[in-house]
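There's a structure below that I have some questions on.
The values are calculated or read from the model by the stated rules, or taken from the named source; none is laboratory data. Note that the structure is predicted; figures quoted are calculated from it, not measured. All Cβ positions, glycine included, derive from the backbone under ideal geometry; neighbour counts span all protein chains shown. Surface areas here come from the heavy atoms of the whole protein model, side chains and all, with no ligands, DNA or RNA. Shrake-Rupley method; radii C 1.70, N 1.55, O 1.52, S 1.80 Å.
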Amino acid sequence: MTGSFNTPHQSATSSNGGLNGAEANANGSKNHENLTQVHTERFGRAYNQIGTDRTMKTNNDKLSFAGVVSLATEYRPQRPMLEVAFKGLTLSIGKKKLLQCVTGKLSPGRVTAIMGPSGAGKTTFLNAVLGKTSGYKKDGLVLINGLPESMQSYKKIIGFIPQDDIVHGNLTVEENLWFSSSCRLSKGMLRSHKVRVLERVIESLGLREIRNSLVGTVEKRGISGGQRKRVNVGIEMVMEPSLLILDEPTTGLDSASSQLLLRALRHEALEGVNVCAVVHQPSYTLFNMFDDFVLLARGGLIAYHGPVSEVETYFAGLGVKVPDRENPPDYFIDILEGIVKTKIRGNVTPKHLPLLWMLHNGYEVPDDFQKDLENINTIRELYTVRSISREQSLAEQTENTDSVHHNVRLSDNQINHWKEKHLVFLCSMGTIWGG
Ligand SMILES: Nc1ncnc2c1ncn2[C@@H]1O[C@H](COP(=O)(O)OP(=O)(O)OP(=O)(O)O)[C@@H](O)[C@H]1O
């Protein structure tokens, strides 16, 4: 998955001829001298500041220790909270629908994992979160803190970490972070505040030991891949975003490095940050470090969006039990892909999973799905709003498949009970969405 949201760092890298790649090496040590020859005044200022910081290293060190302790009592501005909610969002290019009927929300203080088969629409989903919807035909709403505003107006408090490195190989870890905060944070912000933020980020990401190490380039090896990834994240964290979006931050990392990174992200969430990351095949431990899980099926349809702690219960309610020693997200993706065959309640097929999610939540079923709805109509009540209760799901795990046929012959009383619940839920949705 590739992102296309340009950070100032990326712009700086490209405007500077690519400092951290092979091109940078081709230029060799000349790059170091050329650091100040950047094209824009803004980046020039930032590079100059790094030069000054190098010569003022002693002072800097003082600030890093005793100075920081005294700063702890200073006034600390509260970060604004940013909730991103979707209501029936559909994005298309021509006749192709890349994202369909997406309803749900990414909440402040929570870390969300976006997963799904290749081509399901994860990049498109991130684009929607970033407000990059200009190339698409858009239906439905994206609400920021409950209002249909443009995400672009919040750009300064959104951090995006693309899959590819945005670090400067010829700078140290600390200089990379300083460079970012010099470019991104407001000019009027107290230097002492910037130092405190930098120290917090270094500490949170476990970069203290290597703060003075050169990041390194392809030819001149520096810090390890896992450390490099954490510096990448730090570059966005120093601007104290309210929404932090990461594209495959753990890809290529070992389990320990991935967990270290996730711990830092959880730490950010504790500060009220809304963290959202596309991840591929996380370990079971790593998966459980996320708060929420968005499972996308092909066609950009939601098959599950809710707490990680409830996903197995939800699928168990559909009759899908994760076998021992299987990693739940991988198993659900394999089902969506048809790699694993499993029996779902009422003999519906995996392609119906997004439809079942809509029914479960009482979302409006779009016209395109009416045919599928007719196909599963006889057992529709099985999936009516919140019918998959925790008790029911747990009970289902021990039931044999005959129970499906029993459940299909529901008593009128049960159906009426569920219809009532459906109505109550729709009313509450109306309140939430202001409908
Ligand atoms: N600009 C475009 N024009 C037409 N189709 C597109 C465009 N961008 C994406 N698609 C299609 O939309 C679908 C979703 O693409 P997307 O990149 O969002 O998937 P993804 O889940 O991120 O995939 P991967 O994990 O393989 O990176 C794919 O079928 C893709 O081919």
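Just one of (1) without any contact (Cβ under 8 Å) to a residue 24 or more places away in the chain; (2) open to solvent by less than 70 Å² (accessible area, probe 1.4 Å) trips up Ser153, so point out which.
(2)
Follow-up question, since we're still on this one. Can you name the helices (runs of 4 or more DSSP H) wholly within region 277-377 that have at least 1 residues being surrounded by 20 or more Cβ atoms within 10 Å (Cβ to Cβ)? Give the steps one after another, and end with the answer.
Values: elements: 284-287, 308-317, 328-337, 353-361, 370-375.
Fully inside region 277-377 and qualifying: 284-287, 308-317, 328-337, 353-361.
Would you check if Ile202 is in a loop (DSSP other than H, G, I, E, B) and among the aliphatic types (A, V, I, L, M)? Before you say what the answer is, go through the steps one by one.
Values: in a loop (DSSP other than H, G, I, E, B): no; among the aliphatic types (A, V, I, L, M): yes.
In short, no.
Right, next: Would you please list the contacts, defined by Cβ atoms under 8 Å and residues six or more apart or on different chains, that run from a residue in region 166-179 that is open to solvent by 10 Å² or more (accessible area, probe 1.4 Å) to a residue that is small (Gly, Ala, Ser)?
Asn170/Ala24; Thr172/Ser213
When you scan region 45-148 for helices (runs of 4 or more DSSP H) that lie fully inside it, which ones turn up with 2 or more residues that are at pLDDT below 95, more than 16 Å from the ligand (Cβ to nearest atom) and surrounded by fewer than 19 Cβ atoms within 10 Å (Cβ to Cβ)?
Qualifying helices (runs of 4 or more DSSP H): 57-62, 68-71.
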